[in-house]
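Quick notes on the structure that follows.
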Amino acid sequence: MAKRVHQPREDAEFDFILGMSDVPVLAYFTGTWPKAIEPCRVTDLVVGDIADDCTGRLTVVRTDITRCPAATGRYGITGAPSYVLLKEGEVVARGTGPMTMAEVREFLDGHL
């Protein structure tokens with residue numbers, strides 16, 4: 001996982017990261033149950049590369065659903081991997097399932 005990807009340990013830390021960001025935030029929700037592990041592991045690599053490529057233009061937050069249940073509920077996350085793109089605290093895009101680099105770039109297109 002890229003060093004530029006934040007990994008909050010609890011909801012308060014998740015909210016703090018969002019509040020401190022002055023650029024759009026990609027909240028990437030992951031799971032640790034058996035059917036989620038492999039898709040999330042593959043997507044971690046893509047999201048890490050995106051975080052590196054978008055330094056200064058995007059804050060990336062890898063959010064474990066079990067560690068941040070309030071954030072998970074607030075954004076209506078029901079599976080992993082899931083993505084919520086926030087701009088000035090407002091949801092501007094949503095996605096779910098594993099994504100390729102091209103799909104993530106398309107997801108972000110027009111928002112950065």
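The residues neighbouring Val84, those whose beta-carbon lies less than 10 Å from its own, together hold a net charge of +2 under the Lys/Arg +1, Asp/Glu -1 convention.
Summarising the strand pairing of the chain, around 60 percent of its internal DSSP beta bridges are antiparallel. Only one of the listed values, (1) -0.41, -1.43; (2) -0.34, -1.46; (3) -0.59, -1.30, was derived from the coordinates as log10 I(q)/I(0) by the Debye sum over Cα atoms at q = 0.12, 0.23 Å⁻¹; which label is it? Entry (2). Residues within the reach of a label modelled at Phe16 (point 7 angstrom out along Cα to beta-carbon, backbone nitrogen below 20 Å), restricted to the range 45-65, are 59-65. Accessible area of Asp15 (1.4 Å probe, protein heavy atoms only, ligands and nucleic acids ignored): about 60 Å².
Comparing Trp33, Ile77, Gly19 along the charge dipole axis of the chain, the residue lying farthest to the positive side is Trp33, per the Cβ-charge model. Computed over the chain with a Gaussian network model linking Cα atoms closer than 10 Å, the most mobile of Pro69, Pro81, Pro98 is Pro69.
Counting only protein heavy atoms and using a 1.4 Å probe, what share of the accessible area of the chain belongs to carbon plus sulfur, as a whole percent? Looking at the chain in its full context, I get 52 percent from C and S. Placing +1 on each Lys and Arg Cβ and -1 on each Asp and Glu Cβ, with no other charges, gives the chain a dipole about its Cα centre of roughly 200 debye.
Where only DSSP H runs of four or more residues are counted, the chain gives -12000 deg cm²/dmol as its mean residue ellipticity at 222 nm, each run worth -39500 (n - 2.57). Calculated accessible area for the chain comes out at 54 Å² per residue, all protein chains present (probe 1.4 Å; ligands, DNA, RNA ignored).
The values are calculated or read from the model by the stated rules, or taken from the named source; none is laboratory data. Keep in mind the model is a prediction, meaning the values are calculated, not measured. FYI the Cβ positions are ideal-geometry reconstructions off the backbone, even for glycines, and counts take in every protein chain you see. What goes into the accessible areas is simple: the full protein's heavy atoms, side chains included, and nothing from ligands, DNA or RNA. Shrake-Rupley method; radii C 1.70, N 1.55, O 1.52, S 1.80 Å.
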